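Here, each number is a calculation from the coordinates, and none is a lab measurement. None of the values given here were measured: they were computed from a predicted structure. Heads up, the Cβs are rebuilt from the backbone with ideal geometry, glycines too, and the neighbour counts pull from every protein chain shown.
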Amino acid sequence: MYGIGIYAGGEGTQVLDNTLADTLAGTAGSGYGIWIDSPNPFTGAVVEHNRVSAVGQPPYSVGIIVQTGAHNNLLVNNRISNSYIGIEMYTPSEYRDNLTINTVTPYNGGTAEGTNNQ
């Protein structure tokens, strides 16, 4: 089972200025703070100014994930703490000015533009 804080998708989706904490699944599940995806391909999602912390349990938890249905997206100025992966992108997407702390893998996939810190 999954624990998901926000699940969003669709052309031009915007996930802006949210605070998510303790998005937990069952003991064997994965946790996701923000999950961007859709059964139909789309482009142009913006995920900006979010604060995501204490997502899921090991072995797998992700602060913000962009799945295969979403292309050419932008993740800007998000703060992620206490997850296995901070930001994970499976499609062409860009990210900048994000900050992760206490993550095993701060960023996975996508294209870094500008400053991203861990």
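In segment 62-118, what GluC sites (Glu not before Pro) fall in a loop by DSSP, with at most 16 other Cβ atoms inside 10 Å?
Qualifying residues, ordered by number: GLU113.
Using a Gaussian network model on the chain with a 10 Å cutoff between Cα atoms, which of PRO41, PRO106, PRO92 fluctuates the most?
The residue with the greatest mean-square fluctuation here is PRO41.
Among ASP37, ASP22, ASP17, rank each residue by its count of other Cβ atoms within 10 Å, from fewest to most, as a rough exposure measure. It would help to have the intermediate numbers written out before the result.
Numbers: ASP37 19, ASP22 13, ASP17 10.
In order of increasing Cβ crowding within 10 Å: ASP17, ASP22, ASP37.
Among GLY63, GLY12, GLY33, which one moves the most in a GNM of the chain with springs linking Cα atoms closer than 10 Å?
GLY12
For the chain, modelled as a Gaussian network with Cα springs under 10 Å, which listed residue fluctuates most, SER38, SER53, SER61?
In this elastic network of the chain, the residue with the biggest mean-square fluctuation among SER38, SER53, SER61 is SER38.
Could you size up the charge dipole of the chain around its Cα centre, putting +1 on the beta carbon of Lys and Arg and -1 on that of Asp and Glu, and report it in debye to the nearest 20? Intermediate values should be presented prior to the final figure.
On the way: 3 positive and 9 negative charges, 45 e Å.
Around 220 debye, computed over the chain.
Taking the convex hull of the alpha carbon atoms in segment 2-111, what volume per residue do you get, in Å³? Spell out each step's value before the answer.
Details: hull volume 8.3 nm³, N = 110.
So the per-residue Cα hull volume is 75 Å³.
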